[in-house]
Amino acid sequence: MCGIIGYCGRRPAVNVVLEALKSLEYRGYDSAGIASLCDGRLLIRKDAGKLDEVVRKHNISDLPGNVAIGHTRWATHGAVTRPNAHPHSDCTGRVAVVHNGIIENSQELRRELTKNGHRFESETDTEVIPHSWRTS
Ligand code: GLU
């Protein structure tokens, strides 16, 4: 079962989010990732594997910003790979999404969005969400 956390406040967001993801590890997961917002830019770091490994490999503790979201994934759609780990973004890189559960009509939405010019980077159902905030 996945874990999700979001933080917006005065503390360095990545510390709060990592602490929370650690406390959700017991739920089981296969991948982990974080998106941090700093000076109007989204920074996304993610990978398959245990939280500690992913954090070390991608220097996640160094991510700046006071707004962040984090996710531990339990794959339902798509293999356990870095591109399939959350957060997911859209073609503009201006939005990041973490998600728990299943989007039943994701294939249909993906076909429609692809027809409208969207390029997908993962096999997940989740990625239709960020691509949907702007439909073309
Ligand atoms: N269906 C999504 C995926 O496969 C979310 C899985 C989850 O709840 O962690 O990436």
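Starting with the fewest neighbours, write out GLU25, GLU108 ranked by other beta-carbon atoms found within 10 Å of each beta-carbon.
Neighbour counts put them in this order, fewest first: GLU108, GLU25.
Please report THR72, THR126, THR92 as a ranked list, fewest other C-beta atoms within 10 angstrom at the top and most at the bottom.
Going from sparsest to densest Cβ surroundings: THR92, THR126, THR72.
Between THR76 and CYS91, what is 0.36 nm times their sequence separation minus the Cα-Cα distance? Round to one decimal in nm.
Here the segment from THR76 to CYS91 would lengthen by 3.1 nm.
Residue farthest toward the positive end of the dipole of the chain, with Cβ of Lys/Arg at +1 and Asp/Glu at -1: which of HIS118, ASN59, PRO130?
ASN59
What number results when the radius of gyration of the chain, computed over Cα atoms, is divided by 2.2 N^0.38 Å?
Against the compact-globule rule of thumb, the ratio is 1.01.
Short version: ³J(HN,Hα) in whole Hz for each residue of segment 30-39, in order, from phi by Karplus 6.51 cos²θ - 1.76 cosθ + 1.60 (θ = phi - 60°), x for Gly and Pro, what are they?
My calculation for segment 30-39 gives 10, 8, 8, x, 9, 10, 10, 9, 9, 6 Hz in order.
When the helices in the chain are scored as -39500 (n - 2.57) per DSSP H run of 4 or longer and the sum is shared across all residues, what 222 nm value do you end up with, to the nearest 500 deg cm²/dmol?
One gets -6500 deg cm²/dmol as the mean residue ellipticity at 222 nm.
Of the options VAL14, ALA85, SER31, report the single residue whose Cα projects farthest towards the positive end of the charge dipole of the chain (beta-carbon charges: Lys, Arg +1; Asp, Glu -1).
Comparing the listed Cα positions along the dipole, VAL14 ranks first.
List the longest stretch of the chain that has no exposed loop site; here a site is one of the trypsin sites (Lys or Arg not before Pro) assigned by DSSP to anything other than H, G, I, E or B, with at most 11 other Cβ within 10 Å.
11-118
To the nearest 20 debye, what is the magnitude of the charge dipole of the chain about its Cα centre, counting +1 on the Cβ of each Lys and Arg and -1 on the Cβ of each Asp and Glu?
Charge dipole of the chain: 320 debye, to the nearest 20.
Taken together, the values in this text are just the output of simple stated rules run on the coordinates, not laboratory data. Every value quoted in this text rests on a predicted model; they were computed, and no experiment measured them. When we count neighbours, we look across all protein chains shown, and the Cβ atoms used for this are built from the backbone with ideal geometry, even at glycine.
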